[in-house]
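Okay, structure first, notes after.
Throughout, read-outs are computed from the coordinates displayed, never taken from laboratory work. Computed from a predicted model, the values in this text were never measured in an experiment. Quick reminder, even Gly has a Cβ in these numbers, built from the backbone with ideal geometry, and neighbours come from all protein chains shown.
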């Protein structure tokens, strides 16, 4: 049992009393991360939360000698941490994520009795900058796919991005068992390990079938392999996307996520409903999906104007 969760059942004789160990952020962090694992939070979330909380602890060490103990941490400490990040040009999106990590951490500490109050209460969430969604034009992704055509694996990965709108982490997590070519379905594990099924289009099926016909034997069950026969990493996929973007002469900033935006925007422009898009994209909230419906309406308006009689 964690020391922060231990409850005494009665008074301790004075002769047996010992000073309670000082509970710090670092000593409480392990139990918090194990709790997140028990909730099936993704490995990426655990890594990000751990880094964010340790950065906060480091900030406190440098600015508030009294904040070594959890109960001494105040709302002012959290607000000053966010201001310190802002001074270092950390984006509003990143600051909001760090605050979310701290909120969840202190809720955990409160639940196990390590703190009586939440220093994150009343702290306003930093305003997020408007996220510019870069999506590829048909001529741009056609050129990218053309250059990737020399590699059956790379072409299959890019077609999977383009035809399903999966995230790069989801692509790397795909296994052989997730591909059902006969029924033309792909099983994807998204955020929080929530599974969803995505229908495969003809080009996606063909690309995956060609890759599976030449995929080398491997002890790994991952769908896409690296040059050593192990699971390909998100970093490896990002490097490949950057490589083909340069070869295709696409000068705009385009990433793995640009394929996701391209998929969603194209579907919205062709009248796919927000609810269907939400299911395909794995969005927890329909509000996140609505942006693509708005973009689709803009595209339809331009099409109407461009074909005016």
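With only the Cα atoms considered, segment 19-111 has a convex hull volume of 98 Å³ per residue. Length gained on full extension, residue 90 to residue 24: 21.2 nm, using 0.36 nm per residue less the C-alpha separation. Using a Förster distance of 41 angstrom, determine the FRET efficiency expected from the C-beta separation of residue 139 and residue 279, and round it to 0.05. The formula returns an efficiency of 0.90 here. Between residue 116 and residue 152, the contour length at 0.36 nm per residue exceeds the alpha carbon distance by 7.2 nm.
Here each label is just a point 7 Å from Cα along the line to Cβ, and for residue 74 and residue 47 those points are 3.7 nm apart. Protection proxy ranking, highest mean first, for peptides 40-49, 264-273: 264-273, 40-49, where packing is the per-residue count of other beta-carbon atoms within 10 Å, averaged.
With 22 Å as the cut-off, how large is the P(r) tail for segment 186-302, expressed as percent of Cα-Cα pairs? Write out the running numbers ahead of the final one.
Working: 3341 of 6786 pairs.
Here the tail beyond 22 Å accounts for 49 percent of pairs.
In segment 138-306, Cα pairs under 8 Å separated by at least six residues give a relative contact order of 24 percent. Model label sites at residue 255 and residue 62, defined 7 Å from Cα along the beta-carbon direction, differ in position by 2.5 nm. Take 236-243, 203-210, 153-160 and order them by the average number of nearby Cβ atoms within 10 Å per residue, most first; the result is 153-160, 203-210, 236-243. Each distinct pair of alpha carbons in segment 93-192 adds a 1/r term; the inverse of their mean, the Kirkwood radius, is 17.8 Å.
Between residue 184 and residue 125, the simple label model (points 7 Å from Cα in the Cβ direction) yields a spacing of 3.9 nm.
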